[in-house]
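Inspection log for the structure reproduced underneath, given as structure tokens.
The values are calculated or read from the model by the stated rules, or taken from the named source; none is laboratory data. Values in this document were obtained by computation on a predicted structure and should not be read as measured data. Neighbour counts are summed over all protein chains in view; Cβ atoms, including those assigned to glycine, are modelled from backbone coordinates with ideal geometry. Remember, those area values only see protein heavy atoms, side chains included, never the ligands or the DNA or RNA. Shrake-Rupley method; radii C 1.70, N 1.55, O 1.52, S 1.80 Å.
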Amino acid sequence: MGLEVDDLIQELKVNLDEVGQILKEDPQNADALEMKGQLEGDLADALEMQKSVGDPDASQKADVEQPPDAAQASASTVGQKRRREGHAHNQRIHPRSKYAYEQPDFQMLADKYPSFAKFVKKKKGKPALNFANPQAALELTRVLLKEDFGLEWSMPVGMLVPPLTGRLNYLLWLEDLLGLSTPPGDVRGLDIGCGANCVYPLLGATALEWEFVGVDIEEAAVESAKKNVEMNPSISHLISIRHVAKGCKDILKPALEANERFHFSMCNPPFFATMEESGQNPNTAFGGTPTEMVYPGGELAFLSQMIEDSVELQGAVHWYSTLLGKKTTLKEVRNKLYSVGAKAIRTTELFQGKTSRWAVAWSFVAKGTENKPLRRQAVEGVQAAPITIRTMCCEVKSGKKSALDLLHMMEKIFGVHNGTCDLNASTSAMKITVPVEGIPLQSRAKKLKGKGTQQAAAPVMCTKQLEVSVRVSQEKSGFFTATASIARESSNADARGFSKLLNAVFEDLRMMWG
């Protein structure tokens, strides 16, 4: 094991040098800043492991100095830059989350939902919510799921109320990981302990169109989760809820059926060893039953068993993942994962208001991805777009071409995606009408270039139309910026369709523009 750790340390140092060179050229590079923090954390853990191998008591003789938290450093640096540029963006939230760009409008929600209005009070002349009130926390989650995602949702009082921002952050981080390494086929996730709220499967199916299996040991939670799925028939075919027996020491193994495989697993584990320990934060009232909150030995014992299960299951799950409530646990979990031979280990910090949670993911099959920066945008060069963002940009080199050439190219691409274009050469802009449903969203660059014989799927036409505006500008020398948008009052469903469509269009554009 000593030689393996030595090799790991050497590799981490080489990678840190490479990232350092990138930061010398571009000190504001968000991907490089994040990767620097990740590598420094891995290196600190590896050095401690090296000492432990050489001297079993070394870990008690000296503490390895921990580097600054990468997420915090990156957020601070990039946040300053974006604030200077005038962009409204909450750096503590994933950039593809709508909540990174806009806070919930309590007054609007109160006006629209009378059940929520009774919890909204004026504070210094502004609408405010008392988050220490369990009913207020539950009702906020309900109206946000309805308003922002079109989901019907209910939950028995006293069970764990999911803070929505953090839950969405977790899902989008998993999407980033699948961008590094993923098996073929439609994305299929496993939610360990889906709870009565079933929020991960509901959000994942709605926002990302993933398939989900949710499992829980509490029959009441399973029944409530099934009801939440049934209340949303448009996505119910994507979600399956299972009950697993209590009393088994294994956590992951009982959740999988014979020969079943998943792209990822996720878990919001019991963070505490006792219910008394769980009540130490008086500022929140998101509730929770003993089963949801407590596990003998606390979260470290729970996660240790999960790791043991993953060693047996190996590639049945491409990315194993879980939340953690304590940063001290994260360090011990990483050491355990190194010791069992995980090929890739990734960590991040997730935020919900003033509360931090950490997440760790590991894989036995995603070899070679452990030191790659996460790409938080679907297409290189395209502005990372929140699920419900209504404007997206793509920057391309101008070369010897004109803005009109770029518009004609985009007109051709939109045409393949069933769009009807009205181009105005004098204003370097055009209007496009695209059917919302049935749009073939995959890239069509091969077809446009005449490569290969694969034909696009026949479009399914519909009556509802998406109106897209595109303009081309030259904001800096040598580059064109294509900006696409839909009306601000467009529905969230239309915004999600717009985001997917433009990801495909911009991918085609970058491949064909040259």
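Annotations
- Positive-end extreme of charge dipole, the range 164-224 - chosen from VAL222, GLY189, LEU168 (charges on Cβ): LEU168
- Probe 1.4 Å - accessible area at LEU300, Å² to nearest ten: 50 Å²
- Close amide H contacts of SER240 (hydrogens built in the peptide plane, cut-off under 5 Å, sequence separation of 5 or more or a different chain): PHE212, VAL213, GLY214.
- Accessible surface for ARG496 stands near 40 Å², nearest 10, in the context of the full protein assembly shown (1.4 Å probe).
- Spin-label model distance (nm) - SER236 vs ASP250, 7 Å beyond Cα toward Cβ: 3.2 nm
- TYR113 sits with roughly 30 Å² accessible to a 1.4 Å probe, with DNA, RNA and ligands left out of the calculation.
- Scanning residues 5 or more positions from PHE364 or on other chains, those with amide H under 5 Å from its amide H are LYS343, with H placed 1.01 Å from N in the peptide plane.
- Local net charge near THR165, Cβ-Cβ under 10 Å (Lys/Arg +1, Asp/Glu -1): +3
- Cross-link pairs exceeding 25 Å between alpha carbons, from the set LYS226/LYS500; LYS327/LYS372; LYS146/LYS431; LYS249/LYS331: LYS226/LYS500; LYS146/LYS431.
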